[in-house]
Amino acid sequence: MSTLRLLISESFDPWFNLAVEETIFRQMSADQRVMFLWRNADTVVIGRAQNPWKECNTRRMEEDNVRLARRSSGGGAVFQDLGNTCFTFMAGKPEYDKTISTQIIVNGLAQVGIDAQVSGRNDLVLNTDNGPRKISGSAYRETRDRGFHHGTLLINTDLNRLANYLNPDPKKLQAKGITSVRSRVANLCELVSDISHEKVCEGIINSFFSHYGETVVAEYISPDKLPDLPNFAETFAKQSSWEWNFGQAPAFSHYSDTRFSWGGIEFHFDIEKGVITRCQFYTDSLDPSPLEWMSNQLTGRVYQANTIRTLIQQMTQQWPDLTEQLADLEHWLVHELS
């Protein structure tokens, strides 16, 4: 019986694909060598130790229906659309070796006319007339008895959208955790005109089989065609939850100030696991009591724009004479927290 396993996802749901990856990694036997290929539609994927509010333009993502997905490995933030191919290699120890999986990718790209070079710890680059350009980034995860290497390949991603979502609003955040390093990137289609997701996958699959001297039949998976994956439902529920994708952010503080016709205002928030643990407003407005009430109410609530909207509704009922001021406050705070 072959120890190789090839899975190809027909789903473009990032939470589904990452849950499949996590479930297989946990339950695979130690002698298996697994390759998993997939694509995600309109997603920003962040590393395990990253702060989405620091890394991403979360407001624009919400407006454009771009999902946030936190992976279980380290590394930086990436934007993915259907022009981006994702790969994962998994193996038990001591056989797991990320230099082998990297070489499988390099050899697979060579089969489709792409001369990629390894750069640094986790990137692949192409040498162009304008210098080296990044076409692939990787991240890694290891446990006591197994490891995985996963990464992305830029085929024909919309690089303008990448800039839209990976350039956060210039908020005054004091954040801990890993911050992404931006690189000059290029799509493979800029350099090889007839390249496609299908061709790249074909090259990688052939390289995978060639390295191990075996071939296996691909398992095509989707929410309607799931292989036997113990505890998949629980893993998917976690992967798709706000608590995991946003709430796992490292502790950080958020400060901002502005001035309205009715007075100046500033706030200081401390946030842990996506929850506001301390909140303080300062103002020179004639009636600070609404802000004092709001400060008390915000403590212990999730750091979300909808939290502000809900409280402003309640405040408008309590202070109907301040409806216009409260509308100003809501607009500003929602923008700051989005």
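The values are calculated or read from the model by the stated rules, or taken from the named source; none is laboratory data. Note that the coordinates shown come from a computational prediction; the quantities given were computed from them, not determined experimentally. Ideal geometry is used to build each Cβ from the backbone, glycine not excepted, and the neighbour counts take in all protein chains shown. Keep in mind that these areas ignore ligands, DNA and RNA; they rest on the heavy atoms of the full protein, side chains included. Shrake-Rupley method; radii C 1.70, N 1.55, O 1.52, S 1.80 Å.
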Quiz item: What Kirkwood hydrodynamic radius, in Å, does region 39-151 give when the mean of 1/r is taken over all pairs of distinct Cα atoms and then inverted?
Solution: 15.5
Quiz prompt | Inter-label distance, nm, simple model (7 Å from Cα along the C-beta direction), K238/N167 | solution = 3.6
Self-check item: region 192-262: trypsin sites (Lys or Arg not before Pro) in DSSP coil with no more than 10 other Cβ atoms inside 10 Å
Solution: none
Quiz item: Using 7 Å Cα-to-Cβ label points, what is the S72/T323 separation (nm, one decimal)?
Solution: 5.2
Self-check item: Packing rank of 243-255, 51-63, 288-300, where each peptide gets the mean count of other beta carbons within 10 Å, highest leading
Solution: 51-63, 243-255, 288-300
Self-check item: Efficiency of FRET between T128 and R26 - r from beta-carbon atoms, R0 45 angstrom, step 0.05
Solution: 0.65
Quiz item: How long is the gain from Y255 to K225 if the chain were fully straight, where each residue apart is worth 0.36 nm and the alpha carbon distance is subtracted?
Solution: 6.1 nm
Quiz prompt | Table column - 3J(HN,Hα) (Hz), region 319-331, Karplus curve with 6.51, -1.76, 1.60, x for Gly and Pro | solution = 10, x, 6, 9, 4, 5, 5, 5, 5, 4, 4, 4, 4
Self-check item: W262/D158 FRET efficiency (R0 41 Å; Cβ-Cβ; nearest 0.05)
Solution: 0.45
Quiz item: Once both labels are modelled 7 Å past Cα along the beta-carbon direction, what's the M1-S210 spacing in nm?
Solution: 3.0
Self-check item: Rg/Rh ratio calculated on Cα atoms of region 1-53 (Kirkwood radius)
Solution: 1.05
Self-check item: Rg followed by Dmax, in Å, when region 198-338 is reduced to its Cα trace
Solution: 24.6, 78
Practice problem: Beta carbons within 10 angstrom, averaged per residue: use that to sort the peptides 141-149, 189-197, highest first. | Solution: 141-149, 189-197
Exercise. Express the carbon and sulfur contribution to the solvent-accessible surface of region 30-189 as a percent, rounded to the nearest whole number, probe 1.4 angstrom.
Key: 45
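Would you work out the Kirkwood radius for the chain? I mean one over the mean of 1/r across all pairs of different Cα atoms, in Å.
That comes to 21.9 Å for the chain.
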Exercise. Would you give the gap between the C-alpha center of region 72-132 and the C-alpha center of region 307-334, rounded to a whole Å?
Key: 49
